[in-house]
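Report on the structure given below.
Derivation of every value follows stated rules applied to the coordinates shown; laboratory data play no part. This is a predicted model, so every value here is computed, not measured. Here the Cβ is made from the backbone with ideal geometry for all residues, glycine too, and neighbour counts use every protein chain on show.
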Amino acid sequence: MAMLRVFIELPADAADHVEAALAPYADAISRSVEVGGRCRIEGLGEDALDVRALDLAVSLAAAAAGIDPPAVAIEALPERDWLAENRERFAAFRIGRFRIREPDDPMPCPPGLIDLRIEAATAFGSGRHGSTEGCLRAMSGLARRPVAHPIDVGCGSGILAIAAAKLWRVPVVACDVDPAAVAVTRANARLNGVARLVRVAEADGWQASLIAGGAPYDLVLCNILARPLKRLAGDLARHIAPGGVAVLAGLLVADGADVLAAHRSFGLRLVERIDLEGWRTLLLRRPVLRTGRGVP
């Protein structure tokens with residue numbers, strides 16, 4: 001199958017807008033941070049790409065971000081079996097307490113690790129991105145902490161919800177604004193043997209009945225983007241239990257201070273930062289306010 005690769009270079013603080021505009025035109029998107037406060041967005045899609053519509057979408061996104069329209073470079077790639085090559089590169093690997101592998105990988109999981117079977121071609125997250133890896137490392141560090149009621153907001157492939165269900169053996173609520181991601185999460189939950197533990201809903205934020213009715217949550221997993229993380233900070237604070245922990249990811253290191261400030265304004269406190277490949281994961285905690293003796 002012939003493919004096209006799209007390149008866009010622009011200021012890092014406008015990347016969220018332009019990446020969202022590119023998403024409908026690409027099967028996979030990556031972002032790399034460059035020097036001087038700039039970044040490079042790359043998209044991979046089929047050769048039926050509507051170039052005129054893409055240029056218009058990028059121009060509108062740039063205007064919303066307050067920058068001039070960036071140049072959109074497109075190159076044709078030779079016909080290759082990209083899926084087969086991707087699978088060859090997707091050998092099983094370990095992150096903290098988890099081992100991630102292809103569904104058809106026959107190698108058994110080593111003792112002491114939690115097996116996660118995720119398709120490499122899934123566009124919503126396979127564990128190799130720095131933000132997803134940061135979340136899995138954070139969860140590994142929280143493994144000894146009792147967790148009874150976790151939620152995965154923006155579940156994508158479902159990898160974090162499935163990891164939580166396997167790590168703590170408790171029911172997990174998951175949601176995503178994209179119906180395709182909801183379907184992928186359900187399929188992956190069945191594949192990993194935790195369909196009974198992972199309940200998934202299509203929702204934009206915290207308003208769906210499954211989400212709002214299940215609060216408060218003692219663990220919130222939220223691997224999305226910096227802008228929606230800041231927008232949803234108040235909702236997160238209202239739905240997290242006292243003493244609960246939030247794992248926030250999908251943000252560049254440069255955006256970490258703004259995302260942290262947004263959540264601090266609602267009373268959450270920083271526990272830890274994890275930086276990987278230019279991406280930052282934040283661990284936050286809602287204090288338990290006590291009267292008399294004790295520390296909040």
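Can you check what the net charge comes to around THR132, using other residues whose Cβ is under 12 Å from the Cβ of THR132 (Lys, Arg +1; Asp, Glu -1)? Could you put the intermediate results ahead of the total?
Details: positive: ARG128, ARG137; negative: GLU133, ASP152, GLU277.
Every neighbour counted, the sum reads -1.
Just want to confirm a number: the relative contact order over segment 125-285, from Cα pairs under 8 angstrom separated by 6+ residues, in percent.
Answer for segment 125-285 is 23 percent.
Report the gain in length on full extension from ARG145 to GLU9: 0.36 nm times residue separation, minus Cα-Cα distance, nm rounded to one decimal.
Contour length minus the Cα-Cα distance gives 44.8 nm.
What's the local net charge at ALA148, with K and R +1, D and E -1, over the other residues with C-beta under 11 Å away?
Every neighbour counted, the sum reads +1.
Size of the dipole of segment 3-80 about the Cα centre, Lys and Arg at +1 and Asp and Glu at -1 on the beta carbon, nothing else charged, in debye to 20?
Working: 6 positive and 14 negative charges, 24 e Å.
Its charge dipole is roughly 120 debye.
Which of ALA64, LEU49, PRO11 sits farthest toward the positive end of the charge dipole of segment 3-80, with +1 on the Cβ of Lys and Arg and -1 on the Cβ of Asp and Glu?
PRO11
Angle, helix 51-65 long axis vs. longest principal axis of the chain, Cα atoms, 0 to 90°, nearest 10?
The angle comes out near 50 degrees.
Relative to the longest principal axis of the C-alpha atoms of the chain, give the angle of the C-alpha long axis of helix 179-191, reported between 0 and 90° and rounded to the nearest 10°.
Helix 179-191 sits roughly 60 degrees off the main axis of the chain.
Which order results if ILE224, ILE162, ILE29 are arranged by neighbouring Cβ count within 10 Å, fewest first?
Ascending Cβ contact count within 10 Å gives the list ILE29, ILE224, ILE162.
Mind jotting down the three principal axis lengths of segment 3-80 based on Cα atoms? Whole angstrom, largest first.
36, 25, 16
Using a simple charge model, +1 on the beta-carbon of Lys and Arg, -1 on the beta-carbon of Asp and Glu, nothing else, what dipole does segment 158-296 show about its Cα centre, in debye to the nearest 20?
On the way: 18 positive and 11 negative charges, 120 e Å.
With only Lys, Arg, Asp and Glu charged at Cβ, the dipole is about 580 debye.
Which net charge results when you count Lys and Arg as +1 and Asp and Glu as -1 among the other residues whose beta-carbon is under 11 Å from that of LEU270?
+3
Of the options PRO287, LEU167, ALA189, report the single residue whose Cα projects farthest towards the positive end of the charge dipole of the chain (beta-carbon charges: Lys, Arg +1; Asp, Glu -1).
Selected residue: PRO287.
Report relative contact order for segment 145-199 in percent, whole number only (criteria: Cα-Cα under 8 Å, sequence separation at least 6).
40
What do you get for trypsin sites (Lys or Arg not before Pro) in segment 189-296 restricted to DSSP loop and a cutoff of at most 11 other Cβ within 10 Å of the site's Cβ?
ARG196, ARG290, ARG293
If you average over every viewing direction, what projected area does the convex hull of the Cα atoms of the chain give, in nm²?
Working: hull surface 66.2 nm².
Answer in nm², one decimal: 16.5.
Sort 12-20, 201-209 by the packing proxy (mean of other Cβ within 10 Å over each peptide's residues), most packed first.
12-20, 201-209
Give me the percent relative contact order of the chain, please, defined on Cα pairs under 8 angstrom at least 6 residues apart.
Relative contact order of the chain: 13 percent.
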